[in-house]
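Read through the structure below, which is laid out as structure tokens, and then see the notes.
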Amino acid sequence: MATIVKAACPLNCWDSCGFHVTMEHDRVVKIEGDPDHPITKGKICGRGRMLETRTNAPERLLHPLKKVNGQFEPISWDQALAEIAAKLTEIKQKYGTTAVLHSHDYANNGILKNIDQRFFNCYGGVTELYGSLCWGSGIEAQKWDFGNALSHEPNDIYNSNNIIIWGRNVARTNIHLYEKLLEVKKRGAKLYVIDPLYNAVAKIADEHITIKPGMDGIFAAGIIKEILRLGLDDRPFIEEFTYGFTDLVKLLDGVSLEEISKMAEVPTDVMTKLAHVYADKPTATFMGLGLQRYKNGGNTIRLIDALVAVSGNIGIPGGGANYANIQVGQSFAFAELTLPNRRKNHRQFSIMKQAEGILTANDPEIKMIVVTCGNPLTQVPDSTMVEKAFSSVETLVVIDQFMTDTAKLADYVLPTTTAFEEEDVYYSSMYHHYVNYGPKLVSKVPGEAKSDLWIWTQLATRLGFGADFAFSREEWLNMTLKPLKEKGLTLEMLKEKGTLELPVVKIPWHDRKFTTPSGKFEFTSLFAQEQSDSAQVTLALPDESKWSNPQLAEKYPYSLLTIHPLRSNHSQNYHLLSGQIKLKVEIAKNIAEDLGLHDGDDVRVWNDRGEIKGTISILSAAHPNTINIDEGIWRRFGGPVNQLTSSRESDNGLGSTLYDCLVNLEKI
Ligand SMILES: Nc1nc2c(c(=O)[nH]1)N[C@H]1C(S)=C(S)[C@@H](COP(=O)(O)OP(=O)(O)OC[C@H]3O[C@@H](n4cnc5c(=O)[nH]c(N)nc54)[C@H](O)[C@@H]3O)O[C@H]1N2
Ligand SMILES: Nc1nc2c(c(=O)[nH]1)N[C@H]1C(S)=C(S)[C@@H](COP(=O)(O)OP(=O)(O)OC[C@H]3O[C@@H](n4cnc5c(=O)[nH]c(N)nc54)[C@H](O)[C@@H]3O)O[C@H]1N2
Ligand code: SF4
Ligand SMILES: [Mo]
């Protein structure tokens, strides 16, 4: 008999949806939205629904595997754990614990997925990754400007006169914001989309502004210039609650609107128009993560923040510089779970440059890599280098559900459970402020798959710190939810309702108490000044553009974006999609005209880092000289696109430059 149970989406996504899962004979048969979820209200996307396929897929990894003479052989858990534990012990004795690299990413938003960090801290501290391929530059930028990266609660959008969607592909990546946009538009709010691609949200906009990739900071500077020229700025806010305004004015005086227009490839009157839009308060700005994956990513977000500040749209209902909502993640006691003070040694590589780190590390060299919740062979930039690095170490251990490109390289592959096969609590610090409960729904998991938590507990026991892992799931969760309990929110309440509203600030900075060193919004960052000399916001450029590197732009005239796929969360679904998967190279109309290309033509896309082959699809309204190839595609389907991308870090060192990428293209 079928039953319907509440559960939650585990995927790394803005929306963090509530689910209704239909169960039959201990099997997940269907996934739908939970109509009672206050934000997601019964609507979910195809990636969520496909978790049923992921769970029941015949391609699931069923047994621990060991590579012997280049071939995988199934082995028992006992053997796998004993051999991995023995290696970890030997490495610790011979080289020290930092000879182990823990490579991880964001594949699953479960709180208990962080237990791997507890393991490595108790082991003694390994080489960890810092920064983020995803959102690192922008978060750091907002820390400098405001003191934290906070967003308005989703329903505050009903207070906005105007909404600017700035480089966020909401119809694809943040579907509940898209739903809200449809609603507020009906109520009369105006919608502006700034994006090089004419994506599905641009289609419903009152105006779509196409821009040269990577030029948004400069473009924001142009809008600020117009606001100031027209006297549309919020002078009382600037005078009382900001620091460093004269530095900003000096910066803007050094560049003309015409120069900005030429570089951003947007007409000057668009900047004038947007100056009026920002002054017609409240105007809400929703930044995406795409626009900060450039060398100048931090400065881009800082200039957009500055625009929101100068126009007086900070701390007011319906306004905001909405980028991430870090206060959601900050609601939990992660240090209790991960025990950072247990590590004795520590070394860090940036997540972007993990391959370089592996290849050049000495004292000690990297002897072992353990991959959890990540697929670096497809997702990390400069994949040729990543493959070289990951192939170079003595022992590579990958914990995954499927035989990914990364898993194929491994010496040991450990099969893990999917979301419905274990209990966890899911949250996302990207959009809304609700935390969801995910019960264990399937009692008999396929093959010998085990949860990540079980694997770490077993290894801890074998390495002599099992006592640090002697807790039940309930105890682990209570440990991490302790700060909520103090506010009257318990795990029992969460289990009962399926979701809980976190006690976070709904209109950030409404009290004008910024958590920067000056207590003000900082156009010039005192926090950054303490760390480096990059305190002042600048009109920084991407690394790969005709303005910053004309020779390169001559050789590689097209900007390559590699945005997130519609039907997969990154690399997670490609192998499960029906039909033949073809690598689609989407190109702006002018490229097709210049090169005489037509839909369906086969092309080669290349730069100094690598090449990719695929099939042309012409985008009639994309910004000239722009190309897109969706990211995440596996090697066997023609990927990964990261063969073309650069591992450089962004200006503030914490973000990627995945979209800061020039290429050339030819018909084959
Ligand atoms: N379907 C789907 N949804 C997802 C994911 C997925 O893989 N698939 N992944 C989830 C994750 S982890 C994340 S981080 C989010 C990301 O969510 P988004 O930020 O929405 O997604 P991205 O694909 O990173 O890029 C979004 C947009 O940025 C635009 N863009 C790129 N460069 C520039 C630029 O220089 N200027 C401007 N103005 N726009 C630019 C692109 O054209 C694209 O429309 O999505 C989440 N949701
Ligand atoms: N070119 C380009 N590259 C990009 C991006 C881009 O826009 N363009 N986007 C970047 C962004 S925003 C992000 S967030 C990263 C994402 O990068 P990743 O997090 O590495 O990508 P995913 O494909 O989501 O997941 C990686 C693997 O985790 C496995 N997995 C899923 N659940 C679990 C689990 O519970 N336990 C374990 N052990 N494994 C699990 C999946 O099967 C999958 O193989 O990619 C980045 N890379
Ligand atoms: S992937 Fe995102 S939108 Fe889709 S079901 Fe999961 S949380 Fe919701
Ligand atoms: Mo991401």
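Counting pairs of alpha carbon atoms under 8 Å apart in space and at least six apart in sequence, what relative contact order in percent does segment 516-668 give?
Once normalised by length, the contact order is 28 percent.
Distance between the C-alpha centers of segment 526-563 and segment 279-295? Whole Å please.
18 Å
Just need the Rg to Rh number for segment 262-391, please, alpha carbons only, Kirkwood Rh.
Reported Rg/Rh (Cα atoms, Kirkwood Rh): 1.11.
When only C-alpha pairs under 8 Å and at least 6 residues apart count, what is the relative contact order of segment 573-653, in percent?
It rounds to 35 percent for segment 573-653.
Mind checking the dipole of segment 603-654: about its Cα centre, +1 per Lys or Arg Cβ, -1 per Asp or Glu Cβ, Debye to the nearest 20?
300 debye
Among Met263, Gly96, Thr22, whose Cα lies farthest out toward the positive end of the dipole of the chain, if unit charges sit on the beta carbon of Lys, Arg (+1) and Asp, Glu (-1)?
Thr22
Counting only GluC sites (Glu not before Pro) that sit in a DSSP loop (anything but H, G, I, E, B) with at most 12 other Cβ atoms within 10 Å, what is the longest stretch of the chain containing none of them?
Between the exposed loop sites, the longest stretch runs 60-485.
Which value in Å is the Kirkwood Rh of segment 1-68 over different Cα pairs?
Averaging 1/r across every pair of different Cα atoms and inverting gives 13.1 Å.
State whether segment 291-334 is rounded, prolate or oblate according to the following rule on the C-alpha gyration tensor (a ≥ b ≥ c being the square roots of its eigenvalues): a/c under 1.5 gives rounded; otherwise a/b larger than b/c gives prolate, and the remaining case gives oblate.
oblate
Taking only the Cα atoms of segment 405-523, how large is their convex hull per residue, in Å³?
On the way: hull volume 26.5 nm³, N = 119.
Convex hull volume per residue, Cα atoms: 223 Å³.
Counting only C-alpha contacts under 8 Å and six or more residues apart, can you give the relative contact order of segment 3-56 as a whole percent?
Normalised by residue count, the contact order of segment 3-56 is 28 percent.
Could you look at segment 3-56 and say what percent of its accessible area is carbon and sulfur, using a 1.4 Å probe and all protein chains?
51 percent
In whole angstrom, how far apart do the alpha carbon centroids of segment 327-393 and segment 565-601 sit?
Using only Cα atoms, the two centres lie 31 Å from each other.
Tally the DSSP beta bridges in segment 520-647 and give the antiparallel ones as a percent, rounded to 5.
55 percent
Once a ≥ b ≥ c are taken as the square roots of the eigenvalues of the Cα gyration tensor of segment 137-323, is the result rounded (a/c under 1.5), prolate (a/b larger than b/c) or oblate (a/b not larger than b/c)?
Judged from the Cα gyration tensor, segment 137-323 comes out rounded (a/c under 1.5).
Report Val398's accessible area, 1.4 Å probe, all protein chains in place, as a number in Å² to the nearest 10.
For Val398, solvent-accessible area is about 0 Å².
As I understand it, the dipole of the chain uses +1 on the Cβ of Lys and Arg and -1 on the Cβ of Asp and Glu, about the Cα centre. Which of Val641, Phe471, Gly357 lies farthest toward its positive end?
The listed residue farthest towards the positive side: Phe471.
What is the helix-to-structure angle for 175-186, meaning the angle in degrees between its Cα long axis and the longest Cα principal axis of the chain, kept from 0 to 90 and rounded to the nearest 10?
On a 0 to 90 degree scale, this one is about 30.
Could you give the size of the charge dipole of the chain about its Cα centre, using +1 on the Cβ of each K and R and -1 on the Cβ of each D and E, expressed in debye and rounded to the nearest 20?
Computed about the Cα centre, the dipole is about 860 debye.
Can you compute the FRET efficiency between Arg229 and Lys582 using 1/(1 + (r/R0)^6), with r the Cβ-Cβ distance and R0 = 41 Å? Round to the nearest 0.05.
The formula returns an efficiency of 0.25 here.
May I ask which residue of Pro196, Ala419, Gly519 lies farthest towards the positive end of the charge dipole of the chain, with charges of +1 (Lys, Arg) and -1 (Asp, Glu) on Cβ and the Cα centre as origin?
Final value for the positive-end residue is Ala419.
Per residue, how much accessible area does segment 3-56 show when a 1.4 Å probe rolls over the protein heavy atoms, in square angstrom?
38 Å²
With a ≥ b ≥ c the root eigenvalues of the C-alpha gyration tensor of segment 1-139, is it rounded (a/c under 1.5), prolate (a/b larger than b/c) or oblate? Don't jump to the answer; show the numbers that get you there.
On the way: a/c = 2.79, a/b = 1.55, b/c = 1.80.
It is oblate, given that a/c is not under 1.5 and a/b is not larger than b/c.
In the P(r) worked out for the chain, what percent of Cα pairs fall beyond 44 Å? Can you show the working numbers first?
Values: 43749 of 222778 pairs.
Value for the chain: 20 percent of Cα pairs lie more than 44 Å apart.
Quantify, in whole percent, the carbon and sulfur part of the accessible surface of segment 151-293 (1.4 Å probe; protein heavy atoms only).
Accessible surface attributable to carbon and sulfur in segment 151-293 totals 49 percent.
The values are calculated or read from the model by the stated rules, or taken from the named source; none is laboratory data. This structure is a prediction, so every number in the text was calculated from the model and none was measured. Please note: Cβ atoms are built from the backbone with ideal geometry, for glycine as well, and neighbour counts cover all protein chains shown. For the accessible areas, the whole protein counts, side chains as well, though only heavy atoms, and no ligand, DNA or RNA atoms are used. Shrake-Rupley method; radii C 1.70, N 1.55, O 1.52, S 1.80 Å.
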